[in-house]
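Working notes for the structure below.
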Amino acid sequence: MTPLAWIGRWLVAFLLTQSVEMGVYANVPGSERPLRERLAIAFGASAITHPIVWFVITPLYGPLGLTWWQAVAIAEAYAVGMEAIWLMFFGHRPIVAAGAAVIANSLSFGIGLFCYEYLGW
């Protein structure tokens, strides 16, 4: 796959991730911020982790001798942890931040896997 095609696939995945996860993160209980701020915080969560997952962690599964599912588990654990920490920086309690990160990443991964397997994305 050419680098441009790889970037294009990442952009589609990133936009799908943002469309799913922003909806979760913008509605995390306990935030009294205006919607614009909540959306900016929500965007930042995945914007920080998604490029690392896509360009750094996931491609390592072959060279490290991991299965694809092992690489996915590492990538998702990283994303959940970092995004929960991100939310805590903005005043969310750890349990709420962790719960939101698990829900957001589970939804985006599940929808992304569906799109890949059944829609051929």
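The values are calculated or read from the model by the stated rules, or taken from the named source; none is laboratory data. These numbers were taken from a predicted model, which means no experiment stands behind them. Backbone-built Cβ (ideal geometry, glycine too); neighbour counts: all protein chains shown.
Could you check how many residues of the stretch 73-121 are among the aliphatic types (A, V, I, L, M), free of Cβ contacts under 8 Å to residues at least 60 places away in the same chain and in a helix (DSSP H, G or I)? So that I can check it myself, show each step before the final result.
Keep residues of the stretch 73-121 that are among the aliphatic types (A, V, I, L, M), which gives 73-75, 77, 79-80, 82, 84-85, 87-88, 95-98, 100-104, 107, 111, 113, 119.
Okay, now just the ones that are also free of Cβ contacts under 8 Å to residues at least 60 places away in the same chain, so 73-75, 77, 79-80, 82, 84-85, 88, 95, 98, 101-102, 113, 119.
Pick out the ones that are also in a helix (DSSP H, G or I) and you get 73-75, 77, 79-80, 82, 84-85, 88, 95, 98, 101-102, 113.
Counting residues in the stretch 73-121 that are among the aliphatic types (A, V, I, L, M), free of Cβ contacts under 8 Å to residues at least 60 places away in the same chain and in a helix (DSSP H, G or I) gives 15.
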Of the residues in the stretch 63-99, those that are modelled with pLDDT under 95 and of a type in the set (Val, Ile, Thr) number 2
Of the listed residues (Thr49, Thr58), the one being surrounded by 13 or more Cβ atoms within 10 Å (Cβ to Cβ), in contact (Cβ under 8 Å) with a residue 12 or more places away in the chain, of a type in the set (S, T, N, Q) and under 21 Å from Pro94 (Cβ atoms) is Thr49
Return yes when Val12 is touching a residue at least 40 places away in the same chain (Cβ under 8 Å) and exposed (fewer than 14 other Cβ atoms within 10 Å of the Cβ) and no when it is not.
yes
Checked against (1) free of Cβ contacts under 8 Å to residues at least 60 places away in the same chain; (2) outside any loop (DSSP other than H, G, I, E, B); (3) not hydrophobic (A, V, I, L, M, F, W, C), Asn27 satisfies every condition except (2)
Arg38 passes all but one of the listed conditions (1) assigned to a helix (DSSP H, G or I); (2) modelled with pLDDT under 95; the exception is number (2)
Is it the case that Ile7 is without any contact (Cβ under 8 Å) to a residue 40 or more places away in the chain, within 19 Å of Met82 (Cβ to Cβ) and out of contact with any Ser or Thr (no Cβ under 7 Å at 6 or more places or on another chain)?
no
Restricting the stretch 89-121 to residues that are surrounded by 13 or more Cβ atoms within 10 Å (Cβ to Cβ) and among the β-branched types (Val, Ile, Thr), the one farthest from Glu21 (Cα to Cα) turns out to be Val96
Filtering the stretch 52-62 down to residues that are modelled with pLDDT of 90 or more and more than 9 Å from the chain's Cα centre (by Cα) yields Ile52, Trp54, Phe55, Val56, Ile57
